[in-house]
1. Has the stretch 147-163 got at least one residue that is without any contact (Cβ under 8 Å) to a residue 12 or more places away in the chain and surrounded by 15 or more Cβ atoms within 10 Å (Cβ to Cβ)?
2. When both residues are 6+ apart or on different chains and their Cβ atoms are under 8 Å apart, which pairs have a first residue that lies in the stretch 67-82 and is more than 16 Å from Leu203 (Cα to Cα) and assigned to a helix (DSSP H, G or I), and a second that is of a type outside the set (Gly, Ala, Ser) and modelled with pLDDT of 95 or more?
3. Does Ser71 meet the test of being among the polar types (S, T, N, Q), under 21 Å from the mean Cα position of the chain (by Cα) and closer than 19 Å to Ile122 by Cβ?
4. Given the condition more than 23 Å from Ala186 (Cα to Cα), surrounded by 12 or more Cβ atoms within 10 Å (Cβ to Cβ) and more than 11 Å from the ligand (Cβ to nearest atom), answer yes or no: does some residue in the stretch 129-139 qualify?
5. Let me spell it out: the conditions are (1) more than 12 Å from the ligand (Cβ to nearest atom); (2) over 18 Å from Ala131 (Cα atoms); (3) of a type outside the set (Ser, Thr, Tyr), and His103 meets all of them except one. Which number is the exception?
6. Could you give me the residue pairs with C-beta distances under 8 Å whose first residue belongs to the stretch 103-128 and is more than 21 Å from Thr185 (Cβ to Cβ), whose second residue is of a type in the set (Ser, Thr, Tyr) wherever it lies, and which are 6+ apart or on separate chains?
7. Counting just the residues of the stretch 169-209 that are free of Cβ contacts under 8 Å to residues at least 60 places away in the same chain and of a type in the set (A, V, I, L, M), which one comes out nearest to Trp223 (Cα to Cα)?
8. Give the number of residues within the stretch 154-201 that are in a loop (DSSP other than H, G, I, E, B), away from the ligand (no atom under 16 Å from the Cβ) and within 19 Å of the chain's Cα centre (by Cα).
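The values are calculated or read from the model by the stated rules, or taken from the named source; none is laboratory data. These numbers were taken from a predicted model, which means no experiment stands behind them. Neighbour counts are summed over all protein chains in view; Cβ atoms, including those assigned to glycine, are modelled from backbone coordinates with ideal geometry.
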Amino acid sequence: MRNEASEAVVSSVRAQAQGPRHVAVIMDGNGRWAAARGLPRLEGHRRGVEALRRAVRAAGELGIGWLTVYSFSSENWRRPVQEVSDLMGLLKRFIRNDLADLHANGVRVRVIGQREGLSPDIRALLDEAEALTRDNLRMTLVVAFNYGARQEIAQAARALARKAAAGLIDPDSIDETSLDAHLDTAGMPEPDLIIRTSGEQRLSNFLLWQAAYSEFVFLDLHWPDFDRAALEQAMDVYRGRERRFGGVRANMASNPSATAGAGAEQTVMTGS
Ligand code: FPP
């Protein structure tokens, strides 16, 4: 007789063989890429936008259904005023120049992060991108802009607290599912694979809740150098991982002690 735990493991291993459904990317290293070439940081960010275009195209070609990119964090406001303004300008140009192309290629755009604090023209562009592409099915590009995971979780907690205070929900009914449903990412699959470029190995307030069971791959290249080969490399590493979601290995379900020593896995790829 098959037990439920081993059926769950078998289905997760099957999903694994098909590759990640949702890839999230921390696009790091634009500044270092520019500094290494004696160029201004803005040039690094400009080349970062080109890498973003390559990433979206490659993700579509490789059958990735969801691609989330960390474009501007809640903490990025601490950067010099000119750099913040440059990043805002690049986002505007990206949407103005690329929206029609994204739409023609069946890409749905969703934006996560706080809209408050963004200028009205940027908010209007983000709204326009979401509205125009809302029915596209090929792939979803999630742009995390003015995004911070702690702020997102606090906002969800506030929304639930307001409902409880208004008598709309019982505080004791609040659980993982209801909190999840109040996050910016409500309705999205959790990221299977999180890639960070530039060799840094931290989450930097990105998808803290959603990353509970994500696999991490750290690439030793700067974001402006990211391309399809780098994405494929990260996906290969992902496929080599065994995801257990707190369970046991598929072939060791009857011998739990055999899993001892199998710890969290991470990989740093070099020299690509
Ligand atoms: C990190 O590089 C990257 C960012 C701050 C955001 C990513 C931005 C882009 C890819 C370009 C803008 C794209 C949009 C859609 C707005 P860094 O400057 O932190 O690099 P460093 O750590 O080497 O200084």
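1. Yes, that holds for at least one residue.
2. Trp77/Val84
3. Numbers: among the polar types (S, T, N, Q): yes; under 21 Å from the mean Cα position of the chain (by Cα): yes; closer than 19 Å to Ile122 by Cβ: yes.
Yes; evaluated as a whole, the condition is true for this residue.
4. Kept after step one, since they are more than 23 Å from Ala186 (Cα to Cα), are these residues of the stretch 129-139: none.
There is no residue in the stretch 129-139 that is more than 23 Å from Ala186 (Cα to Cα), surrounded by 12 or more Cβ atoms within 10 Å (Cβ to Cβ) and more than 11 Å from the ligand (Cβ to nearest atom).
5. The number of the failed condition is (2).
6. Once the first residue is more than 21 Å from Thr185 (Cβ to Cβ) and sits in the stretch 103-128, its partners that are of a type in the set (Ser, Thr, Tyr) give His103/Thr133.
7. Taking the stretch 169-209 and keeping what is free of Cβ contacts under 8 Å to residues at least 60 places away in the same chain, we get 169-183, 186-187, 202, 208.
Retained after the next criterion (residues that are of a type in the set (A, V, I, L, M)): 169, 174, 179, 181, 183, 186, 208.
Numbers: Ile169: 44, Ile174: 39, Leu179: 33, Ala181: 32, Leu183: 27, Ala186: 28, Leu208: 21 Å.
By that ranking, first place goes to Leu208.
8. First, pick out the residues of the stretch 154-201 that are in a loop (DSSP other than H, G, I, E, B): 166-170, 174-175, 181-192, 198-201.
From what is left, the residues that are away from the ligand (no atom under 16 Å from the Cβ) are 166-170, 174-175, 181-192.
Okay, now just the ones that are also within 19 Å of the chain's Cα centre (by Cα), so 181-192.
Count: 12.
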